[in-house]
1. If the Cβ limit is 6 Å and pairs must be 6+ apart or interchain, which residue in the stretch B:116-134 that is more than 11 Å from chain A (Cβ to nearest Cβ) pairs with which residue that is of a type in the set (S, T, N, Q) and surrounded by fewer than 18 Cβ atoms within 10 Å (Cβ to Cβ)?
2. Kindly list the number of the only condition in (1) closer than 28 Å to B:Phe208 by Cβ; (2) in contact with a His (Cβ under 7 Å, 6 or more places away or on another chain) that fails for B:Lys389.
3. For the stretch A:36-59, name all the residues that are more than 8 Å from chain B (Cβ to nearest Cβ), in a loop (DSSP other than H, G, I, E, B) and touching a residue at least 40 places away in the same chain (Cβ under 8 Å).
4. State the number of residues belonging to the stretch B:520-534 that are farther than 19 Å from A:Val66 by Cβ and within 11 Å of chain A (Cβ to nearest Cβ).
5. What are the residues in the stretch A:202-250 that are within 14 Å of chain B (Cβ to nearest Cβ), surrounded by 23 or more Cβ atoms within 10 Å (Cβ to Cβ), among the hydrophobic types (A, V, I, L, M, F, W, C) and within 17 Å of the chain's Cα centre (by Cα), if any?
6. Tell me which residues, restricted to the stretch B:315-346, are under 19 Å from B:Thr402 (Cα atoms) and surrounded by fewer than 24 Cβ atoms within 10 Å (Cβ to Cβ).
7. Looking at the stretch B:305-325, which of the residues that are in contact (Cβ under 8 Å) with a residue 12 or more places away in the chain and touching a Ser or Thr at 6+ places or on another chain (Cβ under 7 Å) is nearest to B:Thr439 (Cα to Cα)?
8. Could you identify the single residue in B:Gly257, B:Gly261, B:Gly249, B:Gly272 that is closer than 26 Å to A:Pro153 by Cα, touching a Lys or Arg at 6+ places or on another chain (Cβ under 8 Å) and of a type outside the set (A, V, I, L, M, F, W, C)?
Amino acid sequence: MAGRAGRRRGGDEGGWFKYAMLLPAVAWVVAFTFFPLISVLHFSFASYVLGQGITGYVGLQNYFNVLTSGEFWHSIAITAAYVAVAVPLEVVAGFLLAWLVSLGAPGSRVFRSILGAPLFTMGVAIGYLGVTLYTDQGGPITGVLSWLGIHIPWFSTGWGGILAAIILDVWRWTPFIFLIALAAIGSIPASIYEAAMLDAGSHWQIMLRLAVPLAWPVMTVAILLRVIEALKVFGLPFALTSGGPGTSTQVFSIADYLTTIQFFDFGKGSAMGIVFLILVSAIITFFFRQMRRNID
Amino acid sequence: MSKNGDHEELKTLAEDYLRGRIDRRRFLLLAGAAGFSVPLLGRLIRPAEAANPDLLPSDPISPYEAPITKQRVAFLKTKPFKGVTINFMAVKATVGDCVKYHAPHWEELTGGRVNVAEVPIETLHTQIFADLASGLGRYDAYQTACWFYGDYFVPKEPYIVPLAPYLADARYSYWNPDDWLAPMRKLYEWNGQVYGSLFDGDCQALYFRNDVFTNKDVQAKFKQKTGYDLPVPPKTMQQMHDLAGFFTGWDWNGDGGKDWGISLHAKVNEQGFFHFLTLAAPYVISPENKYFYFNPETMKPLINSEGHLRALEDYVKFLANGPREEIAWTLGQGWNLFLEGHAAMEPTWGDLPTLAQDPKASKVRGKMGGAPIPGTTEAFNPIAGAWKKYEFNQVGNVNGGTWHPVLSRFSKKKEATYDFMAFMANRKNAFFNSTQGWTGVQPGMKWEYLPPAGTSTIAEWEAQGWDAADTVQYLDAYYANLTMPLQEEYLRIPGAAEYWHELDINISAVLAGQLKPKDALDRTADSWEKVTDRYGRPRQKALYQASFT
C-alpha cells in the first residue's frame, strides 16, 4: 500500500506543468500518427475515385481484394527477401568493421569518417547513383566486372535488380550498424579485454566469444531499427529500377505507392497499408520478445 | 490561271520557294511577273494568316512573336500583366526546359512573372491531380500528357477550361488551332472543344541509318542472306524483323565492334510500352476495326486478343536484335545507342532525328532515314474474333505524351496564364521548339511541314541547324504517319495511366522472361477489368465512346 500511495503522490508532483510539457508530444502523436491512422482506416472501408472522392462504403471488400491479390503477396515476398538478405549483411559487415577499427587498424580514423558518408545521403539519390554505376553503357561497376570477365544482368533480370538494390542498401546502412557497434564495443571495459587476451588465442575468438555477447543488447536495438527501416524501403529501389523488370523489384512500399498515390485507389491502398501494419507489428513483436528473452 | 502551263509555272515557283531554293521576295517577284495576284500568292504562302487583315508578319514590340495581331501590339504596350505571377507545373524533362526557356521572354514583354515548378514524369500525374482533387489549385496551368485527359473530366465541372473564349480575343498571342494536323488536334480537344494550347506533337515513326541501308555492299550482303533486295525503308513487319536480324552481331559501321539491328527502351514507368502499342497497331487495327483497347459496347478489354498476342510475340523477337539490357533502359539510353551509331533502326519519337542534328551528341547527322511504322498483311479483328488478310495494312499513330499546357479551372489568373500558353504556341516560338533537340518538342502544325503538305522550307530548318536530307526524311515520315487513313486510337479515358501501367509491367515481365506473352496479356486484361469496375463501367464506356468523337 505504501508503495502504491507513494507512486500516487509522485504522480501528483508537478501538477499541470507536467501535462503542459507532455502536450507537444501528445499533439504530435495525434496529428501525425493517430489522425492519419484513423483516416487510413476510414478509407480502407471506402471506394474512392479520383475527381469524385468517396463514392460509397464497401465493407471488407478492399481487404478481401488485398488478401486475394497475387501482386500484394508478391510485394510482401520481395520485401521479406530484401530485408532477410540486406539486414544480416549490414549487421555482419558493420560489426566486423567496428571491431577492426576498435583494434586500431591503420587509417581507421580516416576510414571512420569516410564510411559514414552514405548514411547521410538520400535513398533516392543513391538509387539514381546506382543507375549510373550499374549501367551497361559505361557504368564503372559493370565495366570493372566485364574486365574481369563477369557479366551480371543487373536490370534485365529480377534477381539482378534486387541484388543491385541490396548492394546499395548494404553500402548505405552498414555505417549505421558500424557506428552503433563501435559504441557498443567501446563500452566494454578494457580490463575485460585484457583478461580475455590472456586466455584467448586470437582477436577473432575474443570478438566471437566476448565482444558479440556483450554488445548484443545494444546490437538488438540496432537490428530492430534496421528491420523496421528496411521493411519501409522505397526511394532506393524506386529510383534504381522503378520496381521492374515487371514487378520483380516491387517492394511493398512501391506497390502501395502506385496503388494509392499514383492511381488514387485510396480504398485498396489503405487496406494494403493496414494489412502490412498488422503483419509488421506481429513480426516486430515476435522479434522483440525473442530478443528480450535472449538478453534476459 | 486558266492554262495548264500557268499552273505548272506556279507550282514550280511555289516548290522552289517552299523548298528554300528561292527566297520569299524573289518568289513574289517572279510569280507577280507571271501574272498571279499578290493576294493569291499571300494565301499560298500562309493561307490562314493571309485571311486575317489584323495579322502582321512581326512587330518590333515583340521580337519573340511572329505573326502578331495589331490588337496585341497595342495590348503589349500597356505591359498588361505587370505584377501578376503565374504558377506553371511542368515536366522535369526536355519539354519542361522548353517552358523555362520561354518564360523570361514572356515576362519581358508583359511584365508578368512565371514560376515554373518542375516535377519528375513518374510523379507528374499524381502531383497534378493531388493539386486539383484537393481543391488547392496552387497551379494555374499544367504541362500535361494526353493520356491524363480523361481524368480532367471526371468531376461534373471539369478541372480544366476550354480555350475558345481566349482564342477569340486578338489581344493574346496569335496561334490558330486550324493549323493542326487532324489527328494531332484531336489530342488537344475534348468533345470538340480545344482545351490545350499548341506545344508538342508526338508520334512514333521508324528511324534508320539511310547511309547504311543504301550502301551497295550492305545491300548485296542482305540479298545474299535473305534472297530479296534490302527494302529502303522496310514496308512490312516481316521486313523489319529481317533487317533487325541482319544488322545484329557484325560490324557494319566499321568501328571494330559488333553492332545491333534495333534499339528499344523498356524500363517500367519510362514510357517503353509505347513501343509495343506502336508496333502492335497493324496486327489489330484494320479497315474493319478501329478499336485497340476495349470493346466499345461492353468495355471488355481487347488487349489479350490473338492479334495483340501475335504482336507481343513478335515484339519479344526484336529483343534478340538489341542489347539484352535495353529492357531496363530509359528513353535516353535507347536513343544513345542509335546516336552513337551502333543501332541500325529505332522505332521512336521525333526527338531522335532532332537530337541527331547535334554533332556533340550524335554520330549520325546527315545519315538519317525515316518512314512510317511498317505494316502487316494480316490483322485480327478482336470484335469479330477473326483474322483477315490484306494486301498491306499500315497504321499511323499519335503515341506519346504530346505534352502541352492546359488551364486550371481553379486559376485566378486565367488571362495571364493563357497569354503565356499562347505565347509559346505562337508560330515563331513553336517552330523554334520543334526544330531544337533539347526542347523535346515535335511538329504538329501544317506549317511546320514541307510542301506540298505544309509551308515551311528546308532553308528554315537549315537555319535551325538541320541537315537538309535529314529534314526531308524526318518531316516526310512524320507527315505520312500522321495523315495515314488508318490511325491507332489513343487512350484518353479516366484511369488511362493505370491501364497503361498494368500493360507496362506485364510486358516488362515478358521481356525479362518472367511471364509468357499469353499470361501477361491475360493478366493485363484482368487488371483492366478491375480498373474499369472501380471507375464505373457505364461511365467508362460512355467516355471511351466519346473519346472517338
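Any read-out appearing in this document is the output of simple, stated calculations on the displayed coordinates, not a laboratory observation. As the structure is a computational prediction, the values presented were derived from the model and not from experiment. All Cβ positions, glycine included, derive from the backbone under ideal geometry; neighbour counts span all protein chains shown.
1. Close Cβ pairs (under 6 Å, with a partner that is of a type in the set (S, T, N, Q) and surrounded by fewer than 18 Cβ atoms within 10 Å (Cβ to Cβ)) amount to B:Val119/B:Gln127.
2. (2)
3. Scanning the stretch A:36-59 gives A:Phe45, A:Val58.
4. Counting residues in the stretch B:520-534 that are farther than 19 Å from A:Val66 by Cβ and within 11 Å of chain A (Cβ to nearest Cβ) gives 1.
5. Across the stretch A:202-250, the qualifying residue is only A:Phe238.
6. Hits for the stretch B:315-346 are B:Thr330, B:Leu331, B:Gly332.
7. Top of the filtered list is B:Gly322.
8. B:Gly249
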